[in-house]
Amino acid sequence: MVSGKRILIATILGLIFGVISYLLAKPYAPAGGIPTSGVLAIIMGRGVMGFAIGVSACRMRWWLHGILMGFIFSLPGAFGAVWLGFGQAILVRSLITGIVYGFLVELITAVVFKARVSESRMAAQPA
């Protein structure tokens, strides 16, 4: 079972890392800069990553869970950045930062705030 505390913390952290991702991407923007839709895509993409980490009830080590979710949710943004003209190097940077952010979201959520996925126990049903 997943707690509301876990979902809220992970989502807020995802949004914070989204803003950081945008600030890191600004210097690499093509001549016209990053359009508003791109800014929203960057921030919301990381926010969705945080939400997915918070809501996921996968049974694996917290650090591996964060790394995998960060990688998976960074794929669309990484390929989108290449398509928008940021260059091929941004693909690798986006995937690496996604992995790091996923790890950090899970670290802060599960270890610092102790909002881990709890064991759900099914009550015995009467026959």
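Below is a table of values for the structure above.
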read-out	value
Residues of the stretch 41-61 classified as in a helix (DSSP H, G or I), modelled with pLDDT under 95 and surrounded by fewer than 19 Cβ atoms within 10 Å (Cβ to Cβ), total	0
Test: Arg6 is among the basic types (Lys, Arg), outside any helix (DSSP H, G or I) and within 20 Å of Val117 (Cβ to Cβ)	no
Test: residue in the stretch 18-25 that is in contact with a helix residue (DSSP H, G or I) (Cβ under 6 Å, 6 or more places away or on another chain) and in a loop (DSSP other than H, G, I, E, B)	no
Residue within the stretch 5-21 that is within 12 Å of the chain's Cα centre (by Cα) and aromatic (Phe, Trp, Tyr) present	yes
Qualifying residue in the stretch 81-88 (condition: of a type in the set (S, T, N, Q), in a loop (DSSP other than H, G, I, E, B) and under 14 Å from the mean Cα position of the chain (by Cα))	no
Test: residue in the stretch 9-22 that is at pLDDT below 95 and surrounded by fewer than 16 Cβ atoms within 10 Å (Cβ to Cβ)	no
Cβ-Cβ under 9 Å pairs, at least 6 apart or on other chains, the stretch 72-99 side at positive phi, far side surrounded by 13 or more Cβ atoms within 10 Å (Cβ to Cβ) and part of a helix (DSSP H, G or I)	Gly87/Tyr28; Gly87/Ala81
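The values are calculated or read from the model by the stated rules, or taken from the named source; none is laboratory data. Note that this is a predicted model, so its numbers are computed, not measured. FYI the Cβ positions are ideal-geometry reconstructions off the backbone, even for glycines, and counts take in every protein chain you see.
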